[in-house]
Structures are given as structure tokens and as C-alpha cells.
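Undergrad: Below are the C-alpha cells for one structure; questions will follow.
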Amino acid sequence: MKIVEVTATFPPYNGGTGNVCYHNSIELVKLGHNVSVYTGQRSNLTEGKPGTLSVKYLKPLFTIGNAPFLPQLLILKDYDVVHLHYPFFFGAEFVYLNSILRNSRYFLTYHNDVISDGLLGLFFKIHKNTLMKLVLNRAEKIIVTSIDYSENSFLLEIWKRNPEKIVEISNGVDIERFNPNNDGSIIRKKLNIENQKIILFVGALDKPHFFKGLEILLESFKEISNPNYRLIIVGDGELKQNYIEKANKMGIISQVIFTGRVSSEDLPLYYAASDVTVLPSTTMGEAFGLVLVEAMATSKPVIASNLPGVRSVVDDGKNGFLVIPGNSEDLTSKIKKILDDEELCCKFGKHGRNKVEERYNWINIAKQLELTLLNNL
């Protein structure tokens, strides 16, 4: 098939949607398909072809947050199928119009609800009840990472009316790149924290990812108040300095390490160096949590907020713990419980790796996606 993947963001920008699109695309190429990715241009990117994957970085007329305005998507042609990664404000609407003009259909992966307050929240609400309905209704199939999320998200109405339209295909992880044999001591020596317990957070520190709940984790880390613990925060964005200032005001800055964005080669080593990975997201903006499966693939325990979709990844009490969203006391209790019990850490890690091998291998996920596309053309 000639497949067009359309996404608002794409690596090297560090975001879940772009990373999913990247792995979908790479694996579909390995399966013999001709794949082209269309995405918004960022200042340090140009059109290129990493390996056999064609990536076209389109220059937007303007950009708001992670939403590039790309009318160029109106002229998409000479393809068998379009796979749209949603939400994509100012891009999805042009894919929708293109499909009307060419009397074609597209497949849509629904990554998450978009939630905010103020004027931006009002825009999202209006968009949800107008343009989003059009985009979703015209999609041939809507792919979700879990039925649990579709039953609790903006997709509920479609799920009730036409459940056959919803297809569950999880996100995944490179189980060779993220594995239990990675040497975490390299990072521990580099950061001079060889004998400390390490709590890891991985996520973009920008406004579109405000829901990641890093403030809650900082509060929890302060409550723990253990000089032998270190909190490593991997990620970058315009909010990074704000978080640094908060950690400083809390009096914990000496125990918190902000690494900024790390290379793809080093990221698996950070998981290997950690004792637990925490995803303290606060809203339905989080639907899965790629960092969870990356940590689990490395045989590390995880802690995540008990949110629809996310709770399909974490089996509470088996490969990690679920906590009340926004509750720093609950998070503090669960972090202590894991870090104070090495046997529990080991047990959670083994169960996590087993689940990843069974459910979250990108190779198997790509075959599911391929089958969905072929069977519904």
C-alpha cells in the first residue's frame, strides 16, 4: 500500500503522538509498504528521508502550540490510504476536506482528549461539538489504545452509536532497545548518584503537556524527605524553568536533576538507572503513557495515575501501582512502598517485562494496524 501518515508533531520533537506515528511508519515500511509522513515544520528540521521512510516537513502558515496550520494537506494525492493522528488542530480539517474532494476515506488514531480552561478551553469545546464531529464521523475506523479510554473520553457518543467503528490497537515499545540488560550504571556514574534511590519522570515540559502532573510529583518528593532519594526529570520545554524555580522554593533542588532532552541512545539508560518511573498525569489528556511501557520493558516498576486508558497499562499491585490523580499523599505512599521493598521492585519489574513482550511489541502492533487498514479499504 501507499500510505500517508499525517501528524502534528514528529521526532526529534519528544512527544507521544509523534513517536507513535514514527514507530507505526517504520514498522509498516518493514512490512513492505510505501510510507510518507506529513508533519509540521519545526525550526531545526527540513525535508528528509531517514532510512526508507519519507518525511515531509510542511511549513505552516502559523502555529499555535503544537498545532501547525497546514492547508497543503488539501492536495494529498496518489495514495491508497491516509492514516491521521488526532488531535491535529488546523491539519485534520484539511485531511477531512481532502477526502471529500477526492471521495476517499481515512483512518484515524485518536490519541487523547484535549482539555484546557479559559479561552483555549472554550475553543476546544466549540471545536469538539463542530469540526471534531465531522472529522471523526468521516473516518473509516477510529483506532484507540484501549476500549477503556473510548468509553470514558469524547469518543463515548460514537462508541455507543457505532462500536464497530472503534478498533483497539495499543501503543508499543521497542523491546530490543528498552530491555533489562541495559547498563544503568553509566548514568549513575555520570550524575554521581551511584548509591541513591532514583525516581524517574520522562515527559515534555511544555504547555501542551501541562497535564503530566510534574508539580504533584515535586510535592510528593518533598513529602518523602529522604536524603538518599534523587528525582531525575528528563524532558524540555518552556515550562522547565518554572519547575526548576518550584523545586528551588520547595527546598529540594539539590536532590532534583533536570537533564533536559536526552538523546535516543541515552534514554533507555535512564530507565535502566532508575528504581521506579512515575507518570502522575492529572487529566484525560493522558490516554496511555508510552513512558510506562518503556520502563516496563526495562523491567522497572511503575506508578501512574488511575485514569482511563492508563490503567489498562498498569495492573495495580502486579507491575506497579495506580494512584489517585492529583493526590500527592497517595503518590508519596506508593513511592515509599516500592522503594522500601526490593523484592516487590523485582516482582513488579518481571511482570512488567512479560506484559510488554506479550502486548506492546511494535512489530505485532504494526501487523494489527496493517490488517485493520487492508480489511477496511
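The values are calculated or read from the model by the stated rules, or taken from the named source; none is laboratory data. The model shown is predicted, which means the values in this text are computed figures rather than measured ones. Ideal geometry is used to build each Cβ from the backbone, glycine not excepted, and the neighbour counts take in all protein chains shown. Accessible surface is based on the protein model in full, side chains and every heavy atom, while ligands, DNA and RNA are left aside. Shrake-Rupley method; radii C 1.70, N 1.55, O 1.52, S 1.80 Å.
Undergrad: Quick one: in the range 105-122, of everything that is open to solvent by less than 20 Å² (accessible area, probe 1.4 Å) and within 21 Å of Lys2 (Cα to Cα), which residue is nearest to the chain's Cα centre (by Cα)?
TA: The extreme case among them is Thr109.
Undergrad: Let me ask you something else. Name the residue that is surrounded by the fewest Cβ atoms within 10 Å (Cβ to Cβ), counting only residues in the range 319-341 that are of a type in the set (D, E, K, R) and in contact with a helix residue (DSSP H, G or I) (Cβ under 8 Å, 6 or more places away or on another chain).
TA: Glu329
Undergrad: Of all residues in the range 59-92, which are open to solvent by less than 30 Å² (accessible area, probe 1.4 Å) and over 22 Å from the mean Cα position of the chain (by Cα)?
TA: Pro60, Leu70, Leu73, Leu76, Val81
Undergrad: Here is a check on your reading of the model: is Ile216 closer than 27 Å to Leu377 by Cβ, touching a residue at least 40 places away in the same chain (Cβ under 8 Å) and outside any loop (DSSP other than H, G, I, E, B)?
TA: For Ile216, the condition - closer than 27 Å to Leu377 by Cβ, touching a residue at least 40 places away in the same chain (Cβ under 8 Å) and outside any loop (DSSP other than H, G, I, E, B) - is not met.
Undergrad: Same structure, new question: In the range 153-187, what count of residues is obtained for those that are under 30 Å from Lys350 (Cβ atoms) and touching a residue at least 40 places away in the same chain (Cβ under 8 Å)? Break it down stepwise before answering.
TA: Going residue by residue through the range 153-187, those that are under 30 Å from Lys350 (Cβ atoms) are 168-187.
Then keep just the ones that are touching a residue at least 40 places away in the same chain (Cβ under 8 Å); that gives 169-175, 177-180, 182-187.
So the count comes out to 17.
Undergrad: If you don't mind, another one. Could you grab the pairs with beta carbons closer than 9 Å, sequence gap of 6+ or different chains, first residue in the range 127-150 and of a type in the set (S, T, N, Q), second one open to solvent by 40 Å² or more (accessible area, probe 1.4 Å)?
TA: From the range 127-150, the pairs are Thr145/Glu168; Ser146/Glu168; Ser146/Arg311; Ser150/Leu156; Ser150/Trp159; Ser150/Pro163; Ser150/Glu168.
Undergrad: Looking at the range 342-375, which of its residues are more than 22 Å from the chain's Cα centre (by Cα) and either open to solvent by 40 Å² or more (accessible area, probe 1.4 Å) or free of Cβ contacts under 8 Å to residues at least 60 places away in the same chain (or both)?
TA: Residues satisfying the conditions are Glu342, Glu343, Leu344, Cys346, Lys347, Lys350, Leu371, Leu374, Asn375.
Undergrad: Something else about it: Would you check if there is a residue in the range 171-179 being open to solvent by 40 Å² or more (accessible area, probe 1.4 Å), within 30 Å of Phe107 (Cα to Cα) and in contact with a Ser or Thr (Cβ under 9 Å, 6 or more places away or on another chain)?
TA: yes
Undergrad: Could you say whether any residue in the range 202-224 is crowded, with 22+ Cβ neighbours inside 10 Å and of a type in the set (Ser, Thr, Tyr)?
TA: The answer is yes, given that some residue of the range 202-224 is crowded, with 22+ Cβ neighbours inside 10 Å and of a type in the set (Ser, Thr, Tyr).
Undergrad: Moving to a separate point now. Looking at (1) polar (S, T, N, Q); (2) open to solvent by less than 30 Å² (accessible area, probe 1.4 Å); (3) farther than 20 Å from Phe69 by Cα; (4) outside any helix (DSSP H, G or I), which is the one condition that is false for Asn195?
TA: (2)
Undergrad: If Ala273 passes every condition in (1) over 23 Å from the mean Cα position of the chain (by Cα); (2) touching a residue at least 60 places away in the same chain (Cβ under 8 Å) but one, which one does it miss?
TA: Evaluating Ala273 over (1) over 23 Å from the mean Cα position of the chain (by Cα); (2) touching a residue at least 60 places away in the same chain (Cβ under 8 Å) leaves (1) as the failure.
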